[in-house]
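Undergrad: Take a look at this one; I'll ask things after.
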């Protein structure tokens, strides 16, 4: 099995809080938590709800404003495009 290394920039505070919580949950390391999360995500067993994402606080003020605007747009149905079929979806992604 070929392995790759994924680097994730984060603040020291976020890393130490994540280490503490992952230890409390019985994980041996943050790497183990990430492997479990990615495994579940790859099997489509991981469901993240928009309400859970709103609690992110480690964003820059500009990024936080963009994120809040995007959430408002999603909730109100503004600036949202729903493709008619798979081809339409990939045409938009590739444009």
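The values are calculated or read from the model by the stated rules, or taken from the named source; none is laboratory data. Computed from a predicted model, the values in this text were never measured in an experiment. Neighbour counts run over all protein chains shown; Cβ positions are idealised from the backbone, glycine included.
Undergrad: With the structure loaded, tell me whether residue 7 is out of contact with any helix residue (DSSP H, G or I) (no Cβ under 9 Å at 6 or more places or on another chain), surrounded by fewer than 10 Cβ atoms within 10 Å (Cβ to Cβ) and at pLDDT 90 or above or whether it fails that test. Step through it out loud before you land on a result.
TA: On the way: out of contact with any helix residue (DSSP H, G or I) (no Cβ under 9 Å at 6 or more places or on another chain): yes; surrounded by fewer than 10 Cβ atoms within 10 Å (Cβ to Cβ): yes; at pLDDT 90 or above: yes.
In short, yes.
Undergrad: Using beta carbons and a limit of 6 Å, which pairs, at least six apart or on different chains, have the first residue in the range 4-19 and assigned by TED's automatic domain parsing to the domain that holds residue 33 and the second one in a helix (DSSP H, G or I) and modelled with pLDDT of 90 or more?
TA: Every condition considered, the pairs that remain are 18/30; 19/30.
Undergrad: Filter the range 45-55 for residues that are within 24 Å of residue 26 (Cβ to Cβ) and exposed (fewer than 11 other Cβ atoms within 10 Å of the Cβ); which is modelled with the highest pLDDT? Full working, then the answer.
TA: Initially, the range 45-55 is screened for residues within 24 Å of residue 26 (Cβ to Cβ), giving 45-49, 52, 55.
Those left that are additionally exposed (fewer than 11 other Cβ atoms within 10 Å of the Cβ): 45, 47-49, 52, 55.
On the way: 45: 84, 47: 72, 48: 65, 49: 63, 52: 53, 55: 57.
Across the range 45-55, the extreme among qualifying residues is 45.
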